[in-house]
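To keep things clear, I will list the structure first and then write my remarks on it.
What follows draws every value from the coordinates through simple rules; no lab data is involved. None of these values were measured; they are calculated from a predicted model. FYI the Cβ positions are ideal-geometry reconstructions off the backbone, even for glycines, and counts take in every protein chain you see.
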Amino acid sequence: MVLNLDKDFTPYGLENNIGYNFFTFSGGEQHIKIISELENVPEVTITHRIQSFNDVGTLLLATNALKNMGIKKLHVVLPYFPAARQDRLMVSGEPLSIKVYADIINSQKYESITIFDPHSEVTPALLNNCKVIDNHKFIEQVTQQLSGDLILISPDGGALKKIYKVAAYLQNYEVVECSKSRNVKTGQLTGFKVYANDLQGRDCLIVDDICDGGGTFLGLAKELKAKNAGNLYLAVSHGIFSKGFGELEKHFTKIFTTDSFKTIENKNCIQIKINI
């Protein structure tokens, strides 16, 4: 059976769902009560979209409630793993945030932890019993909606390995590499480069794992157009879009993402549901 802690995120569909009530006490404490009968249920899968420590708290409460009901085997699906970008110590005085989250999740001793398109190899390395869903099917669904004469764009060095794996899976698309520079103290992005002389008016699809504020993609869009790109498209596995779509819509004909982080309603953003 499946317990969907975010009722708008149902990667297994709506069958065999576990019912529950969730509320917050006046003192601020979260509380959950499982209302489905779970006798003779050997294992349960919990799904959740985590955006904050509060969401982790909800997961821990649900885990404890199910264990108290006698469930022996628990699996968890966390498509967007929090703090995945904080996977190395760059500046003195900062935490290795991803390890903090991983240690909390590992302490629950889940039978499996399923994540989607992790930011780097650090996340699955830190998680016990980790199962990774790659972005291949997602990008395949995106390319099916675009022209055949499409170029896949790698926004930076961190995306190179994954985009070549996607290209090998799809077998039909050329890859163009790009790069940028980031000031680790301020986060400022500069020095965008596209390693192609002339894109010959061909449509371009930037493929990456996360879009937060969108600065990387806005900077690249200008450079791609300077290299004679056609229509620009963006496909990101995890759509945070903390600064909205206003600036992105000026440069990208369509934006594609999944429902791994939140539900989005925007006419120029196509959201593809994760199905497991």
By how many degrees, 0 to 90 and rounded to 10, does the Cα axis of helix 215-226 deviate from the longest principal axis of the chain? 20
Which percentage, to the nearest 5, of the DSSP beta bridges contained in the chain is antiparallel? 20
Compute a Gaussian network model of the chain, connecting alpha carbons closer than 10 Å, and tell me which residue from ASP134, ASP259, ASP149 fluctuates the most. ASP149
Binned Cα-Cα distances of the chain, short to long, each 5 Å bin given as a whole percent: 1, 5, 12, 15, 17, 15, 12, 9, 7, 4, 2, 1, 0
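Just the projected area, averaged over all directions, of the convex hull on the alpha carbon atoms of segment 2-133: how many nm²? Don't jump to the answer; show the numbers that get you there.
Values: hull surface 35.8 nm².
Quarter of the Cα hull surface area: 8.9 nm².
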Using alpha carbon centers only, segment 235-249 is separated from segment 63-138 by a whole-angstrom value of 24
For labels at LYS73 and VAL91 in the simple 7 Å Cα→Cβ model, what's the distance in nm? 4.6
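Between LYS7 and ASP103, what is 0.36 nm times their sequence separation minus the Cα-Cα distance? Round to one decimal in nm. Intermediate results must be reported in sequence, preceding the final value.
Numbers: separation 96, 0.36 × 96 = 34.56 nm, distance 2.59 nm.
The span from LYS7 to ASP103 would gain 32.0 nm if fully extended.
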Compute the distance in nm between two label points, each set 7 Å from the Cα along the Cα-to-Cβ direction, one at ASN40 and one at VAL132. 4.1
